[in-house]
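For reference, the structure discussed in these notes is given below.
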Amino acid sequence: MKKAISILLILMFIGGLVLTGCGKSVDTQKEEAPTEPVAEEEPMQVALVLSGGLGDRSFYDSSHEGFEQAKKELGVEGSVLECKNDPSLFQDQLVQASENAQVVVVVGFEFYDVIQEVAPEYPEVNYIYLDNVVEGIDNITSITYLENEGTFLAGALAAMLTQETSIEGINEEKIIGMVGGVDLPVIRNFQIGYEEGAKYIDEDVRVETIYAGDFEDPAKGKECALALYSKGADIVFHAAGKTGEGVFEAAKEVKAYAIGVDSDQRYINPDVIVASMIKGVGLSVFETIKKIQDGAFEPGKVIYYGINEDGVDIGYGTPDMKQIVPEEIKSKVEEIKAKVKSGEIEVPTAK
C-alpha cells in the first residue's frame with residue numbers, strides 16, 4: 001500500500017513539472033513573438049531637368065532654389081540634370097529623370113517637343129513644365145508666368161528714373177533700353193510689358209530693344225547694352241539669362257544704370273543695378289511639389305503665376321544696400337502694382 005502511495009506521489013510530482021514547463025513555454029512564445037515592422041514612407045523622388053545650366057544667377061538658379069527648398073522643408077529627394085543648351089541631351093536627360101523620379105520638373109521652353117514624346121511613355125510620372133504650355137497630355141502640368149505684368153512695373157520704374165538726354169540728332173529725348181536673349185514669344189512678353197509700363201508714365205519715353213540671339217553669352221550682352229547706351233539710353237533692362245551679365249558690365253563701364261531679371265540681381269553690382277523684375281520660378285516649383293505631396297494637386301492643368309499669385313514683382317536688393325530708387329518712386333510703383341492686381345490696369349500680352 002505504502003509502495004502504491006509513493007508511486008502515486010511521484011507521478012503527481014512529475015505531472016506538475018510537465019504542466020509547469022508547458023505554461024512557461026506558452027508564456028515564452030508570447031513574449032518572443034515577432035512584431036510587424038512599421039512601414040516608413042519613402043521620400044518623394046523629384047528630378048530637376050534644365051535646358052541650360054546652373055550658375056546663371058537668374059532663371060535656372062531660381063528653379064533650383066525652389067527645388068532645394070522642397071528638399072529642406074518637405075523632405076523630398078532627387079537630383080539635377082543639366083543639358084547645357086545642348087539639344088542632343090534633351091531626350092536622354094528627360095528619360096533618365098523619368099526612370100528615377102515620381103515628379104520631373106522640366107525647365108525651359110526648348111523641351112516643348114521632347115516632353116510630349118517622353119511623358120506618355122511614363123504615365124505614372126508627374127511632369128511640371130516651366131515657361132511654356134503643353135495641353136492635352138494628362139501627366140504634364142504647365143506653369144506659365146505673366147512676365148508682362150512684372151515688366152510693366154519695370155518699365156514704369158525706368159521711365160520715372162530716366163533723365164532727358166541730348167545726343168547728336170536727338171533733342172532731349174528720354175530713352176530707356178532692353179536687351180532680350182532670343183526672339184521668342186516669352187521674351188516678347190517681357191518686352192511688351194516693359195514698353196507699356198514706360199508709356200503709362202510718359203508717352204514720350206522711347207524704348208529701344210536689341211535681341212542678342214543667345215541666353216549664354218555675356219560678351220554679346222555687353223555689346224548690345226553698349227549699343228543702347230550709345231543711343232542715349234541711361235537705363236537698360238535685360239531678359240537674357242546669363243547674357244544679361246554683360247549688360248551689368250556695360251552699365252558699370254559707362255556709369256549708367258541697369259535692371260535685372262528673374263531673381264533679385266542687385267547683389268551682383270548694387271552700384272549700377274537699380275532693381276530687378278523678379279519672376280517667382282522657385283516659388284512655383286516649391287508650391288507645386290508641396291501640392292503633389294499633400295494630395296492637393298490636379299495634373300494636366302495650366303497654372304498661371306502673375307502679380308495676384310506673387311509670381312512677378314520688383315525687388316530692390318537687401319535692406320543693407322544703398323538704395324538708388326527714391327522712396328516716392330517705389331511708392332508709385334506699388335500704386336501701379338495694386339492697379340494691375342485689381343484689374344484697373346490690363347497689361348497687353350505677347351503670348
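One table, with the values for the structure above:
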| item | result |
| --- | --- |
| Meets criteria (of a type outside the set (S, T, N, Q) and at pLDDT below 95) for Ile187 | no |
| Residue among Asp294, Asp310 that alone is closer than 22 Å to Ser63 by Cα and touching a helix residue (DSSP H, G or I) at 6+ places or on another chain (Cβ under 7 Å) | Asp310 |
| Lone unmet requirement of (1) within 30 Å of Ile336 (Cα to Cα); (2) in contact with a Phe, Trp or Tyr (Cβ under 8 Å, 6 or more places away or on another chain); (3) among the β-branched types (Val, Ile, Thr) for Ile140 | (1) |
| Single residue of the stretch 52-83 satisfying the filter (polar (S, T, N, Q) and part of a helix (DSSP H, G or I)) that is surrounded by the fewest Cβ atoms within 10 Å (Cβ to Cβ) | Gln69 |
| Condition met for Ala219 (under 19 Å from Ala158 (Cα atoms) and either assigned to a helix (DSSP H, G or I) or in contact with a helix residue (DSSP H, G or I) (Cβ under 9 Å, 6 or more places away or on another chain) (or both)) | no |
| Where a residue in the stretch 293-304 is touching a residue at least 60 places away in the same chain (Cβ under 8 Å) and its partner, wherever it lies, is in a helix (DSSP H, G or I) and of a type in the set (D, E, K, R), with Cβ under 7 Å and at least six apart | Phe297/Lys291 |
| Verdict on Val179 being out of contact with any strand residue (DSSP E or B) (no Cβ under 6 Å at 6 or more places or on another chain), farther than 24 Å from Glu334 by Cα and either among the acidic types (Asp, Glu) or outside any loop (DSSP other than H, G, I, E, B) (or both) | no |
| Residue pairs meeting the criteria (Cβ under 9 Å; at least 6 apart or on separate chains; first within 15 Å of Lys290 (Cβ to Cβ), in the stretch 52-71; second of a type in the set (Lys, Arg) and part of a helix (DSSP H, G or I)) | Ala70/Lys290 |
| Test: residue in the stretch 330-339 that is among the β-branched types (Val, Ile, Thr) and closer than 20 Å to Lys351 by Cβ | no |
| Residue match in the stretch 263-286 (condition: at positive phi and not aliphatic (A, V, I, L, M)) | no |
| Test: residue in the stretch 57-67 that is of a type outside the set (Asp, Glu) and farther than 22 Å from Tyr267 by Cβ | no |
| Some residue of the stretch 340-347 being in a strand (DSSP E or B) and either of a type outside the set (D, E, K, R) or closer than 18 Å to Asp262 by Cα (or both) | no |
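For every residue, the table says whether it meets (1) closer than 18 Å to Asn139 by Cβ; (2) among the acidic types (Asp, Glu); (3) in contact with a strand residue (DSSP E or B) (Cβ under 6 Å, 6 or more places away or on another chain).
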site	(1), (2), (3)
Lys72	no, no, no
Gly75	no, no, no
Glu82	no, yes, yes
Ser88	no, no, no
Val103	yes, no, yes
Phe111	yes, no, no
Gln116	yes, no, no
Glu124	yes, yes, no
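Per-residue answers, yes or no, for (1) among the small types (Gly, Ala, Ser); (2) outside the structural domain of Gln102 (by TED's automatic domain parsing); (3) touching a strand residue (DSSP E or B) at 6+ places or on another chain (Cβ under 6 Å):
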residue: Arg266; (1), (2), (3): no, yes, yes
residue: Pro270; (1), (2), (3): no, yes, no
residue: Phe286; (1), (2), (3): no, no, no
residue: Asp313; (1), (2), (3): no, yes, yes
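The values are calculated or read from the model by the stated rules, or taken from the named source; none is laboratory data. Values in this document were obtained by computation on a predicted structure and should not be read as measured data. Don't worry about glycine lacking a Cβ; one is built from the backbone with ideal geometry, like all the others, and counts go over all protein chains shown.
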